[in-house]
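S.K.: My questions all concern the structure below.
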Amino acid sequence: MPTFDVVDQTYLVAHPARVRAMVGTPSTWPAWWSGWLLTVTEDRGDSGVRWLVSRPVEGTMELWLERLPEGTLVHLFLRAEPPTGTSRLGRRPARFTADLSRQWKAQMWALKDVLEAGRPSGQPPR
């Protein structure tokens, strides 16, 4: 099992193409993952993106955008280890994982606010 194993899902009432436009373009990544070095290994279009992560941890990360009848379920998967030759992050993996999870969820809630703005509760996406 990897040292850093983050799995999250958030439901957004928005079409996957709209979600992809907000999270799947390189111009948004510095705001979402400040200081991270990401290399795209697979661009899956409206289904998401897979990356190789080189900093601050080393491993893989994926955003899977699962289309549902009235929205998109955003899945985040991060499986990584401390950087080669260091133990800095390895001493506190639970804290790093918890901090990352909180930051990610805050980003998802902010995205939800933008994508679902003005939509009456119980109504389909725009």
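S.K.: Could you figure out which of (1) under 14 Å from the mean Cα position of the chain (by Cα); (2) surrounded by fewer than 19 Cβ atoms within 10 Å (Cβ to Cβ); (3) at pLDDT below 95 isn't true of His75?
M.R.: Unmet for His75, out of (1) under 14 Å from the mean Cα position of the chain (by Cα); (2) surrounded by fewer than 19 Cβ atoms within 10 Å (Cβ to Cβ); (3) at pLDDT below 95: (3).
S.K.: Continuing with the same structure: Please go through segment 110-126 and give me each residue that is of a type outside the set (Gly, Ala, Ser), within 16 Å of Thr72 (Cα to Cα) and over 12 Å from the mean Cα position of the chain (by Cα), ordered by number. Even if it seems obvious, please write down each step before you answer.
M.R.: Taking segment 110-126 and keeping what is of a type outside the set (Gly, Ala, Ser), we get 111-116, 119-120, 123-126.
So of that shortlist, the ones also within 16 Å of Thr72 (Cα to Cα) come out as 111-116, 119, 123-126.
Hits for segment 110-126 are Lys112, Asp113, Val114, Leu115, Glu116, Arg119, Gln123, Pro124, Pro125, Arg126.
S.K.: Considering Gly118, Gly59, which residue is free of Cβ contacts under 8 Å to residues at least 40 places away in the same chain and either surrounded by 14 or more Cβ atoms within 10 Å (Cβ to Cβ) or of a type outside the set (A, V, I, L, M) (or both)?
M.R.: Values: Gly59 fails: free of Cβ contacts under 8 Å to residues at least 40 places away in the same chain.
Only one candidate passes the filter, namely Gly118.
S.K.: Pairs, please: C-beta under 8 Å, at least 6 apart or cross-chain, first residue farther than 16 Å from Met108 by Cβ and in segment 11-36, second in a helix (DSSP H, G or I)?
M.R.: Close Cβ pairs (under 8 Å, with a partner that is in a helix (DSSP H, G or I)) amount to Ala17/Asp46; Trp36/Trp29.
S.K.: A further question follows. Quick one: count up the residues across segment 9-43 that are exposed (fewer than 15 other Cβ atoms within 10 Å of the Cβ) and not hydrophobic (A, V, I, L, M, F, W, C).
M.R.: 13
S.K.: Look through segment 80-105, keep the residues that are at pLDDT 85 or above and within 11 Å of Pro56 (Cα to Cα), and return whichever of them is surrounded by the most Cβ atoms within 10 Å (Cβ to Cβ).
M.R.: Here the answer is Ala80.
The values are calculated or read from the model by the stated rules, or taken from the named source; none is laboratory data. Since we're looking at a predicted model, the values are computed, not measured. Note: ideal-geometry Cβ built from the backbone for every residue, glycine included; neighbour counts use all protein chains shown.
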